[in-house]
Structures are given as C-alpha cells and as structure tokens.
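Quick notes on the structure that follows.
The values are calculated or read from the model by the stated rules, or taken from the named source; none is laboratory data. Remember, predicted model here, so these are calculated numbers, not experimental data. Quick reminder, even Gly has a Cβ in these numbers, built from the backbone with ideal geometry, and neighbours come from all protein chains shown. Accessible surface is based on the protein model in full, side chains and every heavy atom, while ligands, DNA and RNA are left aside. Shrake-Rupley method; radii C 1.70, N 1.55, O 1.52, S 1.80 Å.
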Amino acid sequence: MPRITLIHALRHSPPPIEAAFARLWPGNTLMNLMDDSLSADLARQGKLTPEMTQRFRALGDYATGTGADAILFTCSAFGPCIEAVAAEHAPMPVLKPNEAMIEEILASGARKIGLLATFPGTLSSMPPEFPLGIEVVPCLAEGALAALDAGDVAAHDRLAMEASLALKDCDAIALGQFSLAHVAPMVAGATGLPVFSTPDSAVRKLKRMLA
C-alpha cells in the first residue's frame with residue numbers, strides 16, 4: 001500500500017482526512033506533518049510570502065525524504081506554495097486540498113459555486129483555482145474557526161450552517177476547509193443544494209492515481 005504524507009496548517013485537519021481514508025481507502029501508511037504557525041502567520045501578514053513558500057518546500061522535501069509516494073496538503077489557503085512543491089517533486093502526486101473537489105464540482109455541471117470557509121485566507125487563494133467561466137461566491141463563516149479552536153464544535157457547526165444560507169442562489173456549495181467536511185449534511189439540509197467537501201474527493205483522486 002502507498003505511503004502518503006498529509007501536510008497540515010490547521011490543527012483541525014487531520015481527523016477528517018484520516019476518517020476519509022479509513023472509510024474509502026483503508027490500509028495506507030499515513031504520515032501527518034503539521035505547522036500550524038503557517039496559518040497564524042498568513043492571518044497576521046495578510047498575504048503569502050516567499051518565506052512561506054520556502055517553508056512549504058522544506059515540508060515537501062522532508063516528506064519525500066521519508067519515502068512518500070504522494071503528498072496531500074490540507075491547507076486550502078496556500079495554493080501557490082503547494083504548486084511550488086508539486087513542480088519540484090513531479091511526477092510524484094502532490095495534491096492541493098481543493099483540486100479533486102473542484103474536479104467533481106465541474107463534473108456535476110454546476111457553474112455558480114458558493115465557497116464556504118472558516119479561514120479568511122481561503123476566500124482569496126481558492127477562487128483562482130476554478131476555471132474561467134465559473135462564478136465563485138465567497139462566504140466566510142464569521143467566528144466559526146474561533147469556536148472550533150475553543151472546542152465548541154456545536155457553535156462552529158451552527159455558524160457554518162447559518163452562513164451557508166447566504167449561498168442559496170448558487171448551484172452548489174464547496175466547503176473550503178477539511179474541518180468543515182462533517183457539516184456537509186447540515187449545510188445541504190439548510191440550503192437544499194449539493195454540497196462538496198475536500199477530504200472524500202481527495203482520497204478518491206489519490207486512489208485513482210496510486211491504487
């Protein structure tokens with residue numbers, strides 16, 4: 001079975017992706033790397049920097065040095081940094097957290113996508129990952145990430161669901177954080193829309209690439 005490195009910038013990301021692997025493709029060797037100061041630094045500085053890209057390169061080099069067959073980043077606000085890692089380690093699969101989900105959304109025929117996120121950086125970095133002709137409507141669930149950081153999962157879920165109501169005129173909703181995956185049924189029930197989450201889509205794509 002493949003050895004897959006999971007690289008995180010938010011401490012809430014490992015459980016949902018590990019659960020997706022256990023459900024959809026069990027038996028892999030998974031390794032978690034985390035630098036949650038990356039998300040804090042991005043929030044403070046307000047933009048990606050060359051230093052952040054270099055830190056991502058270092059994480060990619062470390063993962064490769066351990067014998068990884070693939071790398072999955074779970075931090076959706078760092079697309080250009082991840083692209084730099086992918087370019088250095090091709091042809092090994094290096095996936096951005098959103099790319100598989102975006103592919104599944106496009107295959108569904110949706111053209112107006114509500115992007116629900118709890119981390120503000122996601123709402124600036126992720127829309128350019130969609131192709132031209134796709135309308136992305138950003139929506140921040142204010143206070144949800146702080147609630148999750150404080151251990152109040154119920155408040156996080158409620159705030160995410162309430163924020164999603166602003167996206168009811170979209171064709172589908174994309175959940176921009178791995179930590180949002182478990183609220184997909186709640187958001188779907190509140191909005192009546194198809195809801196796409198990142199962990200399951202990412203595992204399905206890696207399985208196609210590596211199995």
Relative contact order in percent for the chain (Cα pairs under 8 Å, 6+ apart) equals 23
Per residue, the convex hull enclosing the Cα atoms of the chain spans a volume in Å³ of 114
In degrees, nearest 10, the alpha-carbon axis of helix 198-210 is tilted away from the dominant principal axis of the alpha carbons of the chain by 40
Per the rule of 0.36 nm per residue minus the C-alpha distance, extending Glu162 to Thr66 adds in nm 30.3 nm
Listed by chain and number, the aspartates and glutamates with an alpha carbon less than 19 angstrom from that of Lys205, same-chain partners under 8 positions apart left out, are Glu18, Asp69, Glu83, Glu99, Glu103, Glu104, Glu129
Taking Cα atoms only, helix 14-24 is inclined relative to the longest principal axis of the chain by an angle, in degrees rounded to 10, of 90
A convex hull over the alpha carbons of the range 116-211 yields, per residue, a volume in Å³ of 113
For Ala107, placing the label point 7 angstrom along Cα-to-beta-carbon and taking the range 185-211, residues whose amide nitrogen sits under 12 Å are 201-209
From the cross-link list Lys47/Lys96; Lys168/Lys207; Lys47/Lys207, the entries with a Cα-Cα span beyond 27 Å are Lys168/Lys207; Lys47/Lys207
So, relative contact order of the range 128-180 in percent, Cα under 8 Å, 6 or more apart, is 31
To the nearest Å², the heavy-atom accessible area per residue of the chain with 1.4 Å probe amounts to 42
For the chain, the accessible surface attributable to carbon and sulfur atoms (probe 1.4 angstrom, ligands and nucleic acids excluded) amounts in percent to 56
Mean projected area (nm²) from the convex hull of Cα positions in the range 1-88 is 5.5
Taking the reciprocal of mean 1/r across every pair of different Cα atoms in the range 130-175, the Kirkwood radius in Å is 11.7
Taking Cα atoms only, helix 79-89 is inclined relative to the longest principal axis of the chain by an angle, in degrees rounded to 10, of 30
Expected max-MSF residue from Leu132, Leu72, Leu33 in the GNM of the chain (alpha carbon, under 10 Å) is Leu132
